[in-house]
Each structure stands twice: as C-alpha cells, then as structure tokens.
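Read the structure below first, then the notes.
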Amino acid sequence: MGVSMVDTRHVRVLIIGSGPAGYTAGIYASRAMLNPLLVQGIEPGGQLTTTTEVENWPGDTEVQGPDLMIRMEAHAKAMGCEIIADIISSLDLSKRPFTAVGDGGTVYTCDAVILATGARAKWLGLPSEERFKGFGVSACATCDGFFYRGQEIVVVGGGNTAVEEALFLTNFASKVTVIHRRDEFRAEKILQHRLFKNPKIEVLWDHAIEEVVGTQDPLGVEAVRAKHVQTGKITEIPCKGFFVAIGHAPASELVKDQLETHMGGYVVTAPDSTATSIPGVFAAGDLTDHVYRQAVTSAGMGCMAALEAERFLAETESDVETAVIADPEPQVAN
C-alpha cells in the first residue's frame, strides 16, 4: 500500500495566531488539559514584534515588544501548548470537525478553533506608494526608522500609531513632519503632549497625501505632495522616508465569507463573549476588537476564548454520551 502524502493531525483545540490573544489562549487551553495546537502564522508574535517600548503592559513599567512575545511563547510552551511555525492558508468551518490546511500541505482538524489572527497595517492605496514600498515607503517605524539617520521623514496619520511612530522616528531623523487630514489628533493626550513639545516634529494639518515623489534609478523617495483638504493647494515636503500610520485592518481573509463580520472585516462575537456566528469557533484579539486593540485586552480575550472552548467541548462531549445512552443497541431476539 502506498503511504498517503497528506500529513493530517487532529486536535481538540486549534489556535490560529500568535499574538497576546493566541498565546494566552494557549496557556489557558493547556491548563484545561485540552492539548491545544497553536499555529503561529506569517508574523510569529504579531504586531508587538514590530514595536519597541511597551509602557502599558501591567507589571512591566517598560518592556520591549519582541521580548514580551518571546516570554508569552515560552509560557505557553511551558504549560504544554504545542507551537508550530506554519501558516494556515485555508479554513473550512462548514462542518465539525473543522479543517485547516497549512502552507506546507499539513491538514489540521479540530473540534474547536480559536481565531487570533490579529490585524495588519493599512496603506493609502496610491500607485506611487506601492512603487516605493521598501524603498523609502514603510508602515513600520521600528523596522525601518534606523535607515533614516540625519534625514527628513514624513509620517501620515492622526491616531496613536502615527504619534508613536513620529516620536520614535525623532531618535534618527533630523526632522519629522506629521501630515493629518483633520485639524486635531485622535491619539491619547499623553502622546500628543509629548509630540507637541518635541522640537524635531512639525505638524501639517488638514492635508491629504496626493503622491510620493522620487527617483527611478536607483529607486528612492525624495518628497511627498500633500493637498489641503479645503483649498486644494498642493504643498511639497522633502523627505527620504515616508511612513504610513493610518491604522490597521483585521486579518480576516480566512473567515470573511464564513463568519459574520462588521466594521470593515472585524469578526462579530456575541456580547461579553468570543463566540462567533458558528458554534465551536471563537475569535479573540485584534481580529474582533475594533475598539481597544491593546495587548492586555487581546490577552483577556484569549483567556475568554480558551475558557469558552473548554465549556463548549465539555457540553458537546456530554451531549454525545447522552445520545449513546439514550439509544442502546437493539436486542436481537433469539
């Protein structure tokens, strides 16, 4: 007999994603003896691996994002969570057991699934932005800020991300210009306060980015053109680096046609719960949270998802036992 080339694994709980939500779910599901399997996805550790100082994780006045994620991974492993470096490329939630297929062809089946795929940076969607991506255009200050020592940089956005990135970039840049299409920031007041007193930062209010301008050979950014939202007047700001910090979109591609979503792709969960529109499927962290999007709230939801998965499995397994008792083998008459 030929050996089947498809590697299939069945687990009671499959966790997809490896940020604070995924790893916390791994810790709790392991402690509940559910033998979970966690698949890390495209960015092990998630968005926190692209930040430096985290100042709002309780218990650590300041911690480096990547260090915090390494500790969470180690904690989940120590509790008995199996962690696999794979990327789930498709997921079938139409029947139980649910089926997920990894990039390498491994098929994972599971009785319950915890989705913790998080979110990723949004882009403006300009052709010029696309052309210079990786050549002066970036969505990650901590990844790329280092390359612009002594240079002028432009950041676009008005939320926490934009203000945090602008502040971080002052470590390298000679000048940082923040361009925002409104006349005030949405960012937390403490961050705004730091930004306004930083002598290296200038703000251009009421402007939208029209175009990224640069050289073709070699590829490189020279300036951005910004348009005043009321008057339409164009201002050109010289810069070597252009950072897009306009928020994040949930990574819901795997489930967007199977689960109920809202607010541009966030997975809908029941009130005060991680339960989705399909029983046995739970969603935690930035995939479902369009309000808070913090490490600590994501971790809290990972905990909730594991506890709810445990309860779901206990109930479905007791239903199966009840059904077996209620329907004994028919007696064969002699």
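The values are calculated or read from the model by the stated rules, or taken from the named source; none is laboratory data. Everything numeric here is computed off the predicted structure, so don't read it as measured data. Here the Cβ positions follow ideal geometry from the backbone for every residue, glycine too, while neighbour counts run over all protein chains shown.
Do any residues in segment 123-137 that are closer than 12 Å to residue 211 by Cβ have Cβ atoms under 7 Å from those of residues that are assigned to a loop (DSSP other than H, G, I, E, B), where the two are at least six apart or on different chains, and which pairs are they?
Pairs found: 124/246; 129/123; 132/219.
Are any of the residues in segment 67-87 touching a helix residue (DSSP H, G or I) at 6+ places or on another chain (Cβ under 6 Å), under 20 Å from residue 251 (Cα atoms) and either assigned to a helix (DSSP H, G or I) or assigned by TED's automatic domain parsing to the domain that holds residue 138 (or both)?
Within segment 67-87 (the criterion being touching a helix residue (DSSP H, G or I) at 6+ places or on another chain (Cβ under 6 Å), under 20 Å from residue 251 (Cα atoms) and either assigned to a helix (DSSP H, G or I) or assigned by TED's automatic domain parsing to the domain that holds residue 138 (or both)), the answer is yes, since at least one residue qualifies.
For residue 170, indicate whether it is over 27 Å from residue 127 (Cβ atoms), among the polar types (S, T, N, Q) and modelled with pLDDT of 95 or more. So that I can check it myself, show each step before the final result.
Values: over 27 Å from residue 127 (Cβ atoms): yes; among the polar types (S, T, N, Q): yes; modelled with pLDDT of 95 or more: yes.
Answer is yes for this residue.
So in segment 109-132, with the set limited to residues that are acidic (Asp, Glu) and surrounded by 15 or more Cβ atoms within 10 Å (Cβ to Cβ), which one is modelled with the highest pLDDT? Don't jump to the end; show me each part of the working.
Residues of segment 109-132 that are acidic (Asp, Glu), as a first pass: 111, 129-130.
Those left that are additionally surrounded by 15 or more Cβ atoms within 10 Å (Cβ to Cβ): 111, 129.
Working: 111: 98, 129: 95.
Going through the qualifying residues, I end up with 111.
Residues to consider are 99, 109, 117; find the one that is over 30 Å from residue 239 (Cβ atoms) and in contact with a Pro (Cβ under 6 Å, 6 or more places away or on another chain).
Working: 99 fails: in contact with a Pro (Cβ under 6 Å, 6 or more places away or on another chain); 117 fails: in contact with a Pro (Cβ under 6 Å, 6 or more places away or on another chain).
Testing whether each residue is over 30 Å from residue 239 (Cβ atoms) and in contact with a Pro (Cβ under 6 Å, 6 or more places away or on another chain) leaves just 109.
May I ask you to say which residue of 56, 35 is part of a loop (DSSP other than H, G, I, E, B), farther than 19 Å from residue 82 by Cβ and in the same structural domain as residue 281 (by TED's automatic domain parsing)? Outline the logic, then answer.
Details: 35 fails: farther than 19 Å from residue 82 by Cβ.
Every option except 56 fails the conditions.
Quick one: in segment 149-166, which of the residues that are surrounded by fewer than 19 Cβ atoms within 10 Å (Cβ to Cβ) and either in contact with a Cys (Cβ under 6 Å, 6 or more places away or on another chain) or at pLDDT 95 or above (or both) is nearest to residue 65 (Cα to Cα)?
Top of the filtered list is 149.
Can you name every residue in segment 38-53 that is more than 25 Å from residue 104 (Cα to Cα) and outside any strand (DSSP E or B)?
If we filter segment 38-53 for residues that are more than 25 Å from residue 104 (Cα to Cα), which is where we start, we get 48, 50-53.
48, 50, 51, 52, listed by residue number.
Test residue 249 against the criterion of being of a type in the set (A, V, I, L, M, F, W, C) and surrounded by fewer than 18 Cβ atoms within 10 Å (Cβ to Cβ), and give yes or no.
Values: of a type in the set (A, V, I, L, M, F, W, C): yes; surrounded by fewer than 18 Cβ atoms within 10 Å (Cβ to Cβ): yes.
Here the answer is yes, as residue 249 does meet what is asked.
Residue by residue, here is whether (1) at negative phi; (2) modelled with pLDDT of 95 or more; (3) surrounded by fewer than 16 Cβ atoms within 10 Å (Cβ to Cβ) holds:
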residue: 39; (1), (2), (3): yes, yes, no
residue: 69; (1), (2), (3): yes, yes, no
residue: 107; (1), (2), (3): yes, yes, yes
residue: 134; (1), (2), (3): no, no, yes
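Is it the case, given these coordinates, that residue 42 is of a type in the set (A, V, I, L, M), in contact (Cβ under 8 Å) with a residue 60 or more places away in the chain and either out of contact with any strand residue (DSSP E or B) (no Cβ under 8 Å at 6 or more places or on another chain) or closer than 18 Å to residue 303 by Cβ (or both)? Give the steps one after another, and end with the answer.
Values: of a type in the set (A, V, I, L, M): yes; in contact (Cβ under 8 Å) with a residue 60 or more places away in the chain: no; either out of contact with any strand residue (DSSP E or B) (no Cβ under 8 Å at 6 or more places or on another chain) or closer than 18 Å to residue 303 by Cβ (or both): yes.
Answer is no for this residue.
Exactly one condition in (1) modelled with pLDDT of 95 or more; (2) over 30 Å from residue 167 (Cβ atoms); (3) hydroxyl-bearing (Ser, Thr, Tyr) is not met by residue 8; state its number.
All conditions pass for residue 8, except number (1).
Residue by residue, here is whether (1) aromatic (Phe, Trp, Tyr); (2) surrounded by 14 or more Cβ atoms within 10 Å (Cβ to Cβ); (3) under 17 Å from residue 46 (Cβ atoms) holds:
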residue	(1), (2), (3)
220	no, no, no
261	no, yes, no
266	yes, yes, yes
270	no, no, no
279	no, no, no
288	no, yes, yes
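State all residues of segment 222-246 that are of a type in the set (Asp, Glu) and surrounded by 14 or more Cβ atoms within 10 Å (Cβ to Cβ); if no residue qualifies, say none. Before you say what the answer is, go through the steps one by one.
Going residue by residue through segment 222-246, those that are of a type in the set (Asp, Glu) are 222, 236.
Selection gives 222 alone.
Just to be sure, is residue 146 crowded, with 18+ Cβ neighbours inside 10 Å, out of contact with any Cys (no Cβ under 6 Å at 6 or more places or on another chain) and either modelled with pLDDT of 95 or more or aromatic (Phe, Trp, Tyr) (or both)?
Numbers: crowded, with 18+ Cβ neighbours inside 10 Å: no; out of contact with any Cys (no Cβ under 6 Å at 6 or more places or on another chain): yes; either modelled with pLDDT of 95 or more or aromatic (Phe, Trp, Tyr) (or both): yes.
Judged against the criteria, residue 146 is not a match.
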